[in-house]
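Down below is the structure, laid out as C-alpha cells.
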Amino acid sequence: VYQGQPKYSAIRRYIDSPDKPAEKQRIIKALEAAGLIGMGGAGGRTFKKWSEVLEAAGDEKYVVINGDESEPGTFKDRELLLRTPWLVLEGIILGGLVVGAKHGYIYIRHEYEEQIETMEKAIKEAEKLGFCGKNILGSDLSFPVEVFVSPGGYICGEQTALIEAMQDKRAEPRNRPPELQTNGLWDKPTLLNNVETMAWVPAVVLREEGKWYASQGTGGGAGRGRRFFSISGDLNRPGAYEVHSGITLRQFIIDYCGGMRDGQELKAFAPSGPSGGFLPRMLPVKYLTEKFRKAKLPDDATPFDILDLELDTNVFREMTN
C-alpha cells in the first residue's frame with residue numbers, strides 16, 4: 001500500500017469521515033472479512049478483540065502492542081519494528097481511535113535497542129505530521145503513543161504477564177477470565193495485539209474492505225492472508241519472509257530459503273521455537289488426529305512427511321493429539 005513510505009492514509013480516512021460510528025463498524029467489518037488473526041501465536045480473531053474493547057464499558061481504555069518476542073528462533077517482529085515502524089504505529093493509532101482508547105503503548109523487549117530507537121523516531125515524526133498525539137490532523141481527537149521497554153524475562157511475552165510488568169508488578173500470568181478486553185492495563189479495557197497483526201491493519205482497511213488480504217491465502221482449507229515467518233537453521237537463506245498463509249514447509253524452504261544447506265536432508269522442525277518442541281521429518285500416523293488424517297492423508301498412509309505441512313495456525317492445531 002505504502003511502498004516504503006509512511007502516508008497514514010487509514011488514519012486520514014478515519015478523521016475525515018463525517019460518521020465516526022459507521023467508520024468504526026466499517027473498519028471492524030474489514031478486519032472480519034480479511035480473517036486477520038493474532039500473529040503472536042494465539043491466533044485469535046482480530047475483529048473480535050476490537051469489537052469487545054469498543055463495546056466495553058468505561059471512558060478510560062488502552063491499546064498495547066506486544067513486541068516482546070522472547071521465544072528463541074523468532075525474529076519477524078524485530079524486522080517489522082525496524083523496517084516498517086510507521087505501519088505498526090498506524091495500526092495502534094487506528095486501533096485507539098476505533099475502540100476509544102486514550103493512550104497507546106508499544107511494548108518492546110529491552111534487547112531490541114535499535115528497534116526501540118526506530119519506533120521512538122517514528123512516533124516523533126508522526127507527531128510532527130499531525131497523525132499522533134494531541135488533536136490529530138486538527139480534529140478534537142487525540143491519541144498519544146509511547147514505547148514501553150520490557151524489564152526483561154521470557155514470561156513477559158505472555159500477554160497478561162506483560163500487562164503485569166507494565167504495572168510495575170512481578171511478570172506473572174493472570175488467571176482468566178476476566179479478559180484484557182474488559183480488565184487489562186490498570187484494570188481498564190485494553191486492546192492488545194501483536195506487532196505483525198497491527199502492521200497488517202492499514203492494508204486490510206484500505207484495500208477492498210479486507211477482501212484483498214483474505215484472497216492472499218493459498219486456499220484448500222488453509223488460513224487467509226499473508227504473514228511473516230522467521231526461519232533459521234541449516235538453510236541457504238535463513239531470514240524473515242512474507243509468505244502466503246498456508247504454503248507448505250517444502251515450498252517455504254525451497255522457494256524462499258533456497259533449500260537445505262549443502263544438500264542436507266531435513267531431520268526435524270520446531271514450528272514455534274523450543275517451547276513448541278521438535279517434529280521429526282517423518283511423523284508416525286498414530287500421533288495425528290483423526291480429523292487431520294482424513295483431510296490430508298490416504299487411508300493407507302504411512303508416516304506423514306513434515307515437509308507437506310501447511311504453515312497455518314489452524315492446521316497446526318488440528319494436526320496432533
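The values are calculated or read from the model by the stated rules, or taken from the named source; none is laboratory data. Fair warning: this is a prediction, and the values are worked out from it, not measured in the lab. Cβ coordinates were reconstructed from backbone atoms using ideal geometry, including for glycine residues, and neighbour counts include every protein chain displayed. Heavy atoms of the whole protein, side chains included, go into the accessibility calculation; ligands, DNA and RNA do not. Shrake-Rupley method; radii C 1.70, N 1.55, O 1.52, S 1.80 Å.
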Applying the gyration tensor rule to the Cα atoms of the stretch 102-157 (axes a ≥ b ≥ c; rounded if a/c under 1.5, else prolate if a/b exceeds b/c, else oblate), the class is oblate
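For the stretch 22-161, what is the convex hull volume of its Cα atoms per residue in Å³? Intermediate values should be presented prior to the final figure.
On the way: hull volume 16.3 nm³, N = 140.
Measuring per residue, one finds 117 Å³ for the Cα hull of the stretch 22-161.
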Which whole-number percentage describes the relative contact order of the stretch 169-321, with Cα contacts under 8 Å and a sequence gap of 6 or more?
16 percent
All lysines inside 19 Å of K294 as judged from Cα atoms, apart from same-chain residues fewer than 8 positions distant:
K286
Three-way shape call for the stretch 165-286 based on the alpha-carbon gyration tensor, with the a/c threshold at 1.5:
oblate
Between S272 and D140, what FRET efficiency follows from the Cβ-Cβ distance if R0 is 51 Å, with the result rounded to 0.05?
0.70
Springs between alpha-carbon atoms under 10 Å, Gaussian network over the chain: tell me which of D300, D187, D168 tops the mean-square fluctuations.
D300
Once you order the gyration tensor axes a ≥ b ≥ c over the Cα atoms, which shape class does the stretch 1-47 get: rounded for a/c under 1.5, otherwise prolate or oblate by comparing a/b with b/c?
oblate
Could you name the lysines whose alpha carbon sits less than 27 Å from that of K291, not counting residues in the same chain fewer than 8 places away?
K48, K267
Of P173, P72, P298, which has the largest mean-square fluctuation in a 10 Å C-alpha GNM of the chain?
P298
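Give me the percent of accessible area attributable to carbon and sulfur for the chain, probe 1.4 angstrom.
Numbers: 7500 of 15440 Å².
Carbon and sulfur together cover 49 percent of it.
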Cα centroid of the stretch 101-164 to Cα centroid of the stretch 169-233, whole Å
16 Å
With everything on Cα atoms, drop me the angle between helix 20-34 and the longest principal axis of the chain, reported from 0 to 90° to the nearest 10.
10 degrees
Hits in the stretch 79-113: amide N under 17 Å from the 7 Å Cα→Cβ extension of Q5, namely 84-87
What whole number of Å gives the distance from the Cα centroid of the stretch 69-94 to the Cα centroid of the stretch 248-293?
26 Å
Kirkwood Rh over alpha-carbon pairs of the chain plugged into Stokes-Einstein at 10 °C, 1.306 mPa s gives a D in µm²/s of 77 µm²/s
Arrange the peptides 14-23, 32-41 so that the one whose residues have, on average, the most other Cβ atoms within 10 Å appears first.
32-41, 14-23
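Given Cα pairs under 8 Å that are at least 6 residues apart, what percent is the relative contact order of the chain? Intermediate values should be presented prior to the final figure.
On the way: 596 pairs, mean separation 61.8, N = 321.
The normalised contact order for the chain reaches 19 percent.
Using the heavy atoms of the protein chains alone and a 1.4 angstrom probe, what is the accessible area of the chain per residue in square angstrom? Please list the in-between numbers first.
Details: 15440 Å² over 321 residues.
I get 48 Å² per residue for the chain.
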